[in-house]
1. From the list Ser188, Ser245, which residue is in contact with a strand residue (DSSP E or B) (Cβ under 7 Å, 6 or more places away or on another chain), of a type outside the set (A, V, I, L, M), within 27 Å of Tyr27 (Cα to Cα) and more than 11 Å from the ligand (Cβ to nearest atom)?
2. Looking at the structure I just gave you, is Thr164 outside any strand (DSSP E or B), open to solvent by 60 Å² or more (accessible area, probe 1.4 Å) and near the ligand (Cβ under 10 Å from one of its atoms)?
3. Output the qualifying pairs, or none if there are none: Cβ atoms under 9 angstrom, residues six or more apart or on different chains, first residue in the stretch 202-214 and more than 15 Å from Glu167 (Cα to Cα) and assigned to a loop (DSSP other than H, G, I, E, B), second residue within 9 Å of the ligand (Cβ to nearest atom) and among the hydrophobic types (A, V, I, L, M, F, W, C).
4. Tell me which residues, restricted to the stretch 140-161, are modelled with pLDDT of 95 or more, out of contact with any Ser or Thr (no Cβ under 7 Å at 6 or more places or on another chain) and of a type outside the set (A, V, I, L, M, F, W, C).
5. How about the stretch 180-202: which of its residues are modelled with pLDDT of 95 or more, open to solvent by 10 Å² or more (accessible area, probe 1.4 Å) and not hydrophobic (A, V, I, L, M, F, W, C)?
Amino acid sequence: MALNRYYSVRMRSAREAVHISGAEGIYEKNEVAKIVQQYTDRAFEHEKGRADTIRITVDRLRDRPRKIVSLPLCSLNTRNAEAAQKAAMKLLTSVGIEERAVEEAFKALTMGLSMRGAMLLDIEGVRLEPDLLRGVRVTRMGINRSASKDLSRKLGRLGLNNDTVKEALILASKVQKYRMVLGELCISDDPNYTTGYIATRTHGYVRIPRIKKRGIPYGGRAFFITGGEVMDLIKYLQQTPVIISEIKPCTGVVPLKEILERKSRR
Ligand code: PML
């Protein structure tokens, strides 16, 4: 049997043991050296400061990556954290997640601890991840060349063609592909990055500006999940290679009401 030609490339950088940046993708062998160089440059040039430790891991994938379609992307125009939280609440409860679960997630994500991975909550807000301090890291995801070009073009029209948005959309699309996941809430832990998002299969990837005040150095991700085997979900999130091969529409600001009326088109 021919060897799989895909490699997972992951980077994490830190300064004085404090996390600065991370990146990951799935690439063909002939692209790996160039990507390692790009990730290294990125770690050195990050606005949070120059990294003093950069860890890059390259693993050949045993399984062929599963090709998936991205979530469609749009933005709200929320004015402040209160409006952002209300919008997030409406989006998440509209897919069956209970208010108390969303409240629990906001509480945990804004209490001042940043976990490395995502927290898992059932629809009532009970935490399900085996390691409550580390959470669950989503890895083994990427985008192929033609989809990446298409995504850059679509995001470029919105002034959003940057690694942060691209990588968050790739991650959210992988996560929502698993049926047990009903929704995701993300607040960046970058103190200068105040846009978060909600992702659901019904509404797509909805960017939520001003979800936190500038200067707050914590955040994270919460995945809301419904009945099923949690360990199978964790295995999927951490080990199943997934590659985005098609990009759904990316639109600018859409009123919340319109998003809530939208049914899944995927
Ligand atoms: C992160 O990885 O820090 C979270 C990024 C959230 C991106 C939200 C967006 O601008 O679409």
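The values are calculated or read from the model by the stated rules, or taken from the named source; none is laboratory data. Please read all numbers here as calculations on a predicted model, not as lab measurements. Cβ sites come from the backbone with ideal geometry, for glycine too, and all protein chains shown count toward neighbours. In case anyone asks, the SASA skips ligands and DNA or RNA and just uses the protein heavy atoms, side chains included. Shrake-Rupley method; radii C 1.70, N 1.55, O 1.52, S 1.80 Å.
1. After applying the criteria, what remains is Ser245.
2. The answer is yes for Thr164.
3. What qualifies is Ile211/Cys186; Ile211/Ile187; Lys212/Ile187.
4. Within the stretch 140-161, Gly142, Ser146, Ser148, Lys149, Asp150, Ser152, Arg153, Lys154, Gly156, Arg157, Gly159 qualify.
5. Of everything in the stretch 180-202, those that are modelled with pLDDT of 95 or more, open to solvent by 10 Å² or more (accessible area, probe 1.4 Å) and not hydrophobic (A, V, I, L, M, F, W, C) turn out to be Thr194, Thr195, Arg201, Thr202.
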